[in-house]
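Data first, discussion second: the structure below is written as structure tokens.
Read-outs: derived from the displayed coordinates by stated rules, not from any lab. For clarity, every value in this text was computed on a predicted model and none was experimentally measured. Ideal geometry is used to build each Cβ from the backbone, glycine not excepted, and the neighbour counts take in all protein chains shown.
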């Protein structure tokens, strides 16, 4: 705690302790939808515990952040401070605090079922994006990549893919036309999905040109100062995978009739 580098290391360490619980909470309902059974039922039943464990570890992180800001202020201002990152962090902690409070009965009673569900779904996606994008930048923007960065990156992407797969399965079940996918249309959707995974695996080869292209226009560069995650470069492969799943669903024979 005596040096800025030491406090920064503790911030990073606390995130590493927290992220697995976030991924478990994020994927629990999807795992149960795709693979119903005792294990997935246990995951779903304990989702609130995973979420609160994540919140506890992030509260630990907040102590180190405040220590860095108040004790090593010069280092924070000169080496760490970025307005957009502060906005992301404040929003993330805002979601986390409200979600934690409404995970207990006294807090849940303050919201309608619809409002509670909207809050927690929005919050969990925001928090997943915040954590996962950290490891995307570790892999494709910085030079000190460690094995754990690869692990958390691919676990986070896998958790999202489980949610996409559960959504896809639900939509097909609810569809009035539940016909099997034919080869030509499924090829298009699968090609788009595969291209998304290829992009997710090769961010170092395209991320810098994509970032430059998206920010060349002054009108597009302005939101970067204030808008969380903008210009969304880490999420371009994710958007591609989602588009592929949507195409698989929409291109079913007769789906558009």
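Listing for the model above:
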item: For region 56-82 versus region 1-37, the gap between their alpha-carbon centres in whole angstrom; result: 19
item: Exposure proxy ranking, count of Cβ atoms within 10 Å, fewest first, for 17, 161; result: 17, 161
item: Residue order, fewest to most surrounding Cβ atoms within 10 angstrom, among 105, 121; result: 105, 121
item: Helix-derived mean residue ellipticity, 222 nm - over the chain, DSSP H n ≥ 4, -39500 (n - 2.57), to 500; result: -25500 deg cm²/dmol
item: (1) 43, 21, 15; (2) 30, 19, 18; (3) 34, 25, 17, with the label sought being that of the calculated semi-axes √(5λ) of the Cα gyration tensor in Å; result: (3)
item: Segments 209-215, 132-138, 5-11 sorted - mean Cβ within 10 Å per residue, highest first; result: 132-138, 5-11, 209-215
item: Anisotropy class of region 81-224 from Cα gyration tensor, a/c 1.5 cut; result: oblate
item: Footprinting exposure proxy for 80, 19, 86 (fewest neighbouring C-beta atoms within 10 Å first); result: 86, 80, 19
